[in-house]
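Here is the structure we will look at.
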Amino acid sequence: MNTIERAKKIMLSPKTEWQVIDTEETTAGKLLTTYLVVLALIPAVGWFIGYGLVGYNILGVHLGSVSAGIRQAVISYVGTIASAYLTAYIIAMLAGKFQSKGDFSKAFQLVVYSYTPMFLAGALYIIPSLGTLAGIVGLYGLYILYLGIAPMMKTPEEKVTPYYLSSIVCVILVFFLFSTLLSALYIQKGITF
């Protein structure tokens, strides 16, 4: 699997790409090493440059430091990888409630590939004021997730929307849980770089 080609196809033609992905026997470990850890670097590097080198202004005061950039990069990178695993686990656990197949590897593919817009838009974090735009572009991943539920989890058509909505709630909760937890660890432990 070519990472760049896969990212391009999942962004431009997600419906047909899910059909291709469904036929692949990709383990979670292989997807982690060939796709997730590579693309998760884009927003992490964006955060580092934006908060560590470029900086940002609040009420006319310029803020930013290398330590802040490293902190944001680590939170982004670790949080993304951990939340992908936890979200996939929850989606696989929910599968039975929606007459779907609870295959963790397929759920992990579903989650990781639906994160692609967020990964690519993460380059916008280089300029902190474009962070909101990166978040908006990342929302396209929710649509990609919706398109992938039926083929990846073998979900009946009438169960796709409820399964999708339950999955979205999980994605949001996991995202905020990890962001809060990692931020709290840095603040509480006084971790500095």
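Just so it is clear, none of the values below were taken in a lab; they were calculated from the coordinates. These numbers were taken from a predicted model, which means no experiment stands behind them. Reconstructed Cβ throughout: ideal geometry from the backbone, glycine too, with neighbour counts over all protein chains shown.
Here are the numbers for the structure shown:
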read-out: Full-extension gain in nm, GLU5 to ALA184, via 0.36 nm per residue minus C-alpha separation; value: 60.7 nm
read-out: 22 Å Cα-Cα threshold exceeded, pairs from LYS15/LYS97; LYS30/LYS159; LYS8/LYS101; LYS15/LYS159; value: LYS15/LYS97; LYS30/LYS159; LYS8/LYS101
read-out: The chain - charge dipole about Cα centre, Lys and Arg +1 at Cβ, Asp and Glu -1, debye rounded to 20; value: 200 debye
read-out: Mean separation of Cα contacts under 8 Å, 6 or more apart, over the residue count of the chain: relative contact order %; value: 26 percent
read-out: Under the Karplus curve 6.51 cos²θ - 1.76 cosθ + 1.60, θ = phi - 60°, whole-Hz ³J(HN,Hα) for segment 118-135, x wherever Gly or Pro sits; value: 5, 4, 5, 5, x, 5, 5, 5, 4, 10, x, 5, 8, x, 5, 4, 4, x
read-out: Farthest positive-ward along the chain dipole, Cα basis, beta-carbon charges - from ALA92, VAL171, LEU59; value: LEU59
read-out: Centre separation in Å (Cα based) which lies between segment 84-114 and segment 145-181; value: 8 Å
read-out: ILE168/VAL54 FRET efficiency (R0 25 Å; Cβ-Cβ; nearest 0.05); value: 0.20
read-out: Helical mean residue ellipticity (222 nm; -39500 (n - 2.57) per DSSP H run of 4+; nearest 500) of the chain; value: -22000 deg cm²/dmol
read-out: Aspartates and glutamates whose Cα lies under 16 Å from that of LYS9, excluding same-chain neighbours fewer than 8 positions away; value: GLU17, ASP22, GLU24
read-out: Cα shape, segment 1-50, gyration tensor, a/c 1.5 rule; value: oblate
